[in-house]
């Protein structure tokens, strides 16, 4: 399944990346090569093979849950300490304009 | 809308309910509403690099209660998935939700529903079943503030106190055929979630939110029309009005030869209409995949059964039992079962009085009126079930009249004293001594000799006047039946 | 005394004997970093003042008679994708150039509790994506053995720092070989623990179902000491296991006689450098001399591992890296008037080419219409790879092979061909896909004087077996070479 420049643009849109023309050309070629390579997996019959989405080995990870107890958080000052544009206790961003 | 009757609507609802856990679903931050912006945050719910989610056990338990209350089957294994999209109040760039292996599925509720007249009064109630496709767990996003700041024309403000508050999403099948069916279902859902104590159900605070899918088709056809997604239906009134508007809009489009476009529309309460938010072409590609940071959620049959055993009687069944067991009308039963606490209150009163009808009347007409004026819930007033039962008993025994009882109840509501004490201390005991009353009546008749003559000449309307005068003389304490009997006798006899 | 180049136990001997102080160790180490790192580029941040302050504090503790903790006074370097409270953590990315975490990763917290000194943060491939450390936004790292060669990636700074004695031990992270490859290229020991053995809390996620933090050390014993400290259940990481943590140091002693060492023929196929092949086989024969039993095993799906890995890792990465949006922390492009523009420019200016490439690939394989064909398929092949190991481990206790098909390659050699670069990971990614532990130890030098690494794999949670075998080899055939610095 060769990948087209149009598809590269669509993926970039989904990933919120704004690619330059040069990057688009380059990625089209490189992604096509990688995709062609990974097509290799189709040599394998995986009809009855279950997918392995989790790498953990513990059958029942009940202990992986927490009790409903309020703990200490960061508080607003520390929360905002790394913010590029903190204002009035909030994170400020350029105006959200609904698309469409 | 001449053609309105030829169409039927097909509606499905997606409801998001915040679970009332103390801490968030994947971190230990408080879920408290109304704190300073970004106060209740930590690396996890801010989506800081390297932070990881850990599931709140209580959120799972609450989701299970909700699922069982709505007749859902809980899956022994469910899987969290990431729903990927960009929005500034979505800190990780994905929402942890559930997708192809949800927490629970295949629910059903049977509820009373009715169409309403123009003034919103129910026409005929009927029972109908509505199916629930799935109920799953997910996390809430933060909040974006687009208005009200000095630079709101060019900036939005984001805060994350709500980020990570546990939600259940309840997706119905497209089983609703009118806006009122959807309305009644939504009302029931809120009530059921409140009964099992997992959600505050306050739409104004946003802890219950609703989106709808709407299409219309000609009656008798089985195929589905093109559906439109409606968002921002954040009160019961909005929900019903927006659906009604949208159904009519779609019928009109079809009737004028147009086609329905698959799109997302927002309800604007101010304009009383829906408008396009985004079209199908711009629909998101959420790229769901299993959340690698959380192991599959495994629950046991024993655990499910333990929760099932803890469930209270559900509101619909309680309502129907009240109608059958206590002979109440559907409206009275509905009001008395509107909350679990009120229904418990009512049944406690009935247990003591043995008179379901009178108990219902006193709660519905008197106690609820006082509570409403005071801005509290009737079951939270100082008038405990035992005290209200005490009042009702005094009436039944003839110690006080119904009229006096209302005064006594007001006093009870204000002071929390038992009825007996108020009646004793204020000397409100009913006068049932015939000789005493006869003397009073004679005095009244003597003082109104001219009216007595008119009455005897045929002006029978004056009877009520004499009763009133006797009551005034006795500060309302006279037994009304006895007053009637004696007065009639004395007026006849002379 | 010469305190540069000491291992943990030697350092502790010296401290116990009063031959040196923690402060002296710290100062010498900082001096060496100052002298050598400008050429190497191993560090992104040197924690100078705080390290010295802590060294003095530890010296005071010792003077009061407090016993040595497992890592007291040990200068530790931390890969810059592991969060350190109050200390800049960049992931070698412009998008996090100014990020100061308000919390410590659990592994860092445990190192500090064990008495370690956090000497600095090491360079790496941006977001751990790379095999050569050439993808750092803040400059390349040079291999201490040959300045014209790569140190391996992605934990290249950690590998180079340990090899050049700029610290005693370092933490790296390993998603597809990022601890083991630099260890092999730099002639040091690199351990990737079982998935779930070490908490990932505070490790900036790349491929969440593959990532593990692991130690890079001069000796196997040091790796055992560090693992003992950082391993174990962490309530902040749902995927961390409550499997008991044995005393890895005690487990080092003991025979490897009778240990069945599986040799998968797939690890010795075409593409393997002849010199590497010869040195690794020599090491296998030495294992046999030590009493190990050599058995043939098969890992038939090895040839699919790279394809499988690059789908799963990039899919997870595309989602993990969505949080870098310029809203809450890190870089934000200036002058954008709409949110959409801010997002897109921030991410475009903030991420480097390889990161973008992987985000693109990961987004593609998850997108509507391709999920089943690529992502789901890869998850199924992952199951097949895990089964390969299960079947192989039915016949052997450890699986042995080369860590990398070649020795350290030249800077710039593979930067133009991403796929060729990906193929450097061919022997290391299998362990990540299966979730099993693996270790790379240096077993020889090439004719050009470059280190060659041997890799051992063990069953899930059998790090003790892995460490015992590696330690036995190291004791019998010590790797005594030092880079020409």
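Bear in mind that the values in this text are calculations on the coordinates, not laboratory data. All figures in this text were calculated on a predicted structure; none of them were measured in a lab. For neighbour counting, all protein chains shown are included, and Cβ atoms are generated from backbone atoms with ideal geometry for every residue, glycine included.
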Estimate the FRET efficiency between residue B:298 and residue C:387 by the formula 1/(1 + (r/R0)^6), using the beta-carbon distance for r and 22 Å for R0, to the nearest 0.05. 0.50
Using a ≥ b ≥ c from the Cα gyration tensor of the stretch C:244-398 (square roots of the eigenvalues), is it rounded, prolate or oblate, where a/c under 1.5 gives rounded and otherwise the larger of a/b and b/c decides, a/b for prolate? prolate
Set the Förster distance to 41 Å, then compute FRET efficiency between residue B:358 and residue B:454 from the Cβ-Cβ distance, nearest 0.05. 0.60
So the angle from the long Cα axis of helix B:301-310 to the longest Cα principal axis of chain B, reported in degrees to the nearest 10, equals 20 degrees
Could you work out the relative contact order of chain B, using alpha carbon pairs under 8 angstrom and six or more residues apart, expressed as a whole percent? 14 percent
Would the stretch C:17-121 count as rounded, prolate or oblate if I go by the C-alpha gyration tensor, calling it rounded below 1.5 in a/c and otherwise prolate when a/b exceeds b/c, oblate otherwise? oblate
Expressed as a rounded percentage, what relative contact order does the stretch C:79-221 have, with Cα pairs under 8 Å and six or more residues apart? 22 percent
May I have the convex hull volume per residue, in Å³, for the Cα set of chain C? 138 Å³
At 222 nm, what value in deg cm²/dmol follows for chain C if DSSP H runs of at least 4 each add -39500 (n - 2.57) and the sum is divided by all its residues, to the nearest 500? -11500 deg cm²/dmol
Please report, for the Cα atoms of the stretch C:417-485, the Rg to one decimal and the Dmax as a whole number; what are they, in angstrom? 14.4, 40
Whole percent per 5 Å bin, from 0 to the bin with the longest distance: what is P(r) over all C-alpha pairs of the stretch C:1-78? 3, 15, 28, 25, 18, 8, 3, 1, 0
What percentages, rounded to whole numbers, describe P(r) for the stretch A:1-45 computed over all alpha carbon pairs with 5 Å bin width beginning at zero? 5, 22, 27, 20, 13, 8, 4, 1
Kindly express, to the nearest 10 degrees and within the range 0 to 90, the angle between helix B:236-255's C-alpha long axis and the longest C-alpha principal axis of chain B. 60 degrees
Per residue and in cubic angstrom, what volume does the convex hull of the Cα atoms of the protein assembly as shown have? 222 Å³
Treating the Cα atoms of the stretch B:313-425 as identical point scatterers in vacuum, please give the log10 of the normalised Debye intensity I(q)/I(0) at q = 0.23 Å⁻¹, two decimals. -1.29
For helix B:402-415, report the angle its Cα long axis makes with the longest principal axis of the Cα atoms of chain B; keep it between 0 and 90° and round to the nearest 10°. 50 degrees
Chain A: C-alpha gyration tensor shape, a/c 1.5 cut-off, then a/b vs b/c: oblate
Could you give the nm distance between label points at residue B:488 and residue C:49, where each point is 7 Å from its Cα heading toward the beta carbon? 10.2 nm
Would you mind calculating the relative contact order of the stretch B:313-425 from Cα pairs under 8 angstrom and at least 6 residues apart, reporting the percent as a whole number? 20 percent
Between residue C:28 and residue C:64, how high is the FRET efficiency from 1/(1 + (r/R0)^6) when r is the Cβ-Cβ distance and R₀ = 25 Å? Nearest 0.05. 0.60
Just the ratio, please: alpha-carbon radius of gyration of the stretch B:434-493 over 2.2 N^0.38 Å, N its number of residues. 1.00
Listed residues A:33, A:15, A:81; largest mean-square fluctuation, Gaussian network over chain A with Cα springs below 10 Å, found at A:81
For chain B, what does -39500 (n - 2.57) per DSSP helix run (n ≥ 4), summed and divided by total residues, give at 222 nm, in deg cm²/dmol to the nearest 500? -11500 deg cm²/dmol
